[in-house]
Amino acid sequence: MTRTVYVNGSYLPEADATVSIFDRGFLMADAVYEVTSVLDGKLIDFAGHCARLRRSLSELGMPSPCTDDALLAIHRELVARNGLVDGMIYLQVSRGNPGDRDFAFPDASVPPTLVLFTQSKPGLADSPQAKVGMKVIGIDDIRWGRRDIKTVQLLYPSMGKMMAKKAGADDAWMIEDGFVTEGTSNNAYIVTGGRIVTRNLGHEILHGITRAAVLRFAREAQMEVEERPFTLDEAKAADEAFITSASAFVMPVVAIDGVPVGSGTPGPVARRLRELYLDEMRKAAI
Ligand code: PMP
């Protein structure tokens, strides 16, 4: 079955979907995005992703392509047209096509470009990796200073993934001024002294939608949470480590720079949080 995608008001076969070479997303990485998971044909935490999209747009003074209700309708239409059961919906808004290349933002008459497409991942919630955990390496964080805005400037995170692959690992945790910021496409956590520790929010990290939900469920389950920076050495000596993201949910980290974390197998806190998150979010899916 050929995939149906959405571009600026039209549902098209993927091969017929196009965006101008002058689009500012293409030329300037002047675009923001969201990735929403789909489980059993339903959207996970759609409201959270919409709220963050609004914030990204407003921080960059980028016009909004449509209302949240219209976005929900497009997401649902793409799920239906593609028969999507488990997977993700990628959404991107760029500052549009001014018809030429110029550093200055175009005036308000240029409409934003809105693109959405589905990615099918059968059995997304039963990923084999959740049972064995993942390995990470530490790398320098040389990204720009507004990582709280979810822009498509993903070159360095892509390079980080490649550095991890080359080192025989699955992902990289980035380090700035001696402290872990986050993973290349996820938020980073450790469990130490009976507490879940994750970096506090700020411009240094993306405010993960999964992070917000997982911390809420952890606190509701009387688990102690500490939002503060931690070093890679503290992480290597921790009892557990894990990451969260909209498509990986809660994923145990079992080794850092080749050093086993705790027992070197997925820990009880990460396993419990993964279950809690998936159970609660499936119930609330729309
Ligand atoms: N940090 C970065 C750098 C990311 O790219 C992502 C995933 N988009 C996350 C954290 C996790 O965010 P979320 O839980 O909203 O997917």
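The values are calculated or read from the model by the stated rules, or taken from the named source; none is laboratory data. Note that the coordinates shown come from a computational prediction; the quantities given were computed from them, not determined experimentally. Cβ coordinates were reconstructed from backbone atoms using ideal geometry, including for glycine residues, and neighbour counts include every protein chain displayed. Areas reflect the complete protein model, heavy atoms only, side chains present, ligands, DNA and RNA absent. Shrake-Rupley method; radii C 1.70, N 1.55, O 1.52, S 1.80 Å.
Consider Gly61 carefully, then state whether it is outside any strand (DSSP E or B), open to solvent by less than 20 Å² (accessible area, probe 1.4 Å) and away from the ligand (no atom under 14 Å from the Cβ). No, not satisfied.
Residues are listed down the side, and each one gets a yes or a no for (1) assigned by TED's automatic domain parsing to the domain that holds Gly267; (2) farther than 21 Å from Ala235 by Cβ; (3) under 17 Å from the mean Cα position of the chain (by Cα):
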site: Gln153; (1), (2), (3): yes, yes, yes
site: Gly160; (1), (2), (3): yes, no, yes
site: Val191; (1), (2), (3): yes, no, no
site: Val214; (1), (2), (3): yes, no, yes
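Taken over the stretch 192-218, residues that are open to solvent by 10 Å² or more (accessible area, probe 1.4 Å), hydrophobic (A, V, I, L, M, F, W, C) and either over 25 Å from Leu43 (Cβ atoms) or more than 9 Å from the ligand (Cβ to nearest atom) (or both) amount to 2. Look at Lys121 and say whether it is away from the ligand (no atom under 16 Å from the Cβ), under 30 Å from Pro260 (Cα atoms) and touching a residue at least 40 places away in the same chain (Cβ under 8 Å). No: the conditions fail for Lys121. Going by the conditions given, is Ile142 under 25 Å from Ala270 (Cα atoms) and aliphatic (A, V, I, L, M)? Here the answer is no, as Ile142 does not meet what is asked.
How many residues does the stretch 219-230 hold that are in contact with a strand residue (DSSP E or B) (Cβ under 8 Å, 6 or more places away or on another chain) and open to solvent by less than 40 Å² (accessible area, probe 1.4 Å)? Total satisfying the criteria: 3.
Considering the stretch 180-191, the residues that are within 11 Å of the ligand (Cβ to nearest atom) and of a type in the set (Val, Ile, Thr) include one that is surrounded by the most Cβ atoms within 10 Å (Cβ to Cβ), namely Thr184.
Determine if the stretch 239-248 includes at least one residue that is open to solvent by 10 Å² or more (accessible area, probe 1.4 Å), acidic (Asp, Glu) and under 17 Å from Met174 (Cα atoms). No: the stretch 239-248 contains no residue that is open to solvent by 10 Å² or more (accessible area, probe 1.4 Å), acidic (Asp, Glu) and under 17 Å from Met174 (Cα atoms). The test for being more than 16 Å from the ligand (Cβ to nearest atom) and either open to solvent by 20 Å² or more (accessible area, probe 1.4 Å) or not in a helix (DSSP H, G or I) (or both) does not hold for Asp148. Within the stretch 183-195, if we keep just the residues that are in contact (Cβ under 8 Å) with a residue 40 or more places away in the chain and part of a strand (DSSP E or B), the residue that is farthest from Met281 (Cα to Cα) turns out to be Thr192. All of Gly87, Gly41, Gly83 fail the test of being among the small types (Gly, Ala, Ser), within 16 Å of the ligand (Cβ to nearest atom) and in the same structural domain as Pro111 (by TED's automatic domain parsing), apart from Gly87. Strands (runs of 3 or more DSSP E) fully within the stretch 196-258 that include at least 1 residues being in contact (Cβ under 8 Å) with a residue 40 or more places away in the chain, touching a Pro at 6+ places or on another chain (Cβ under 8 Å) and of a type outside the set (Asp, Glu): 240-245, 249-256. Filtering the stretch 128-145 to residues that are more than 15 Å from the ligand (Cβ to nearest atom) and assigned to a loop (DSSP other than H, G, I, E, B) leaves Pro128, Gly133. Between Val110, Val32, Val93, Val79, the distinction of being farther than 21 Å from Val214 by Cβ, β-branched (Val, Ile, Thr) and either assigned to a helix (DSSP H, G or I) or open to solvent by 30 Å² or more (accessible area, probe 1.4 Å) (or both) belongs to Val79 only.
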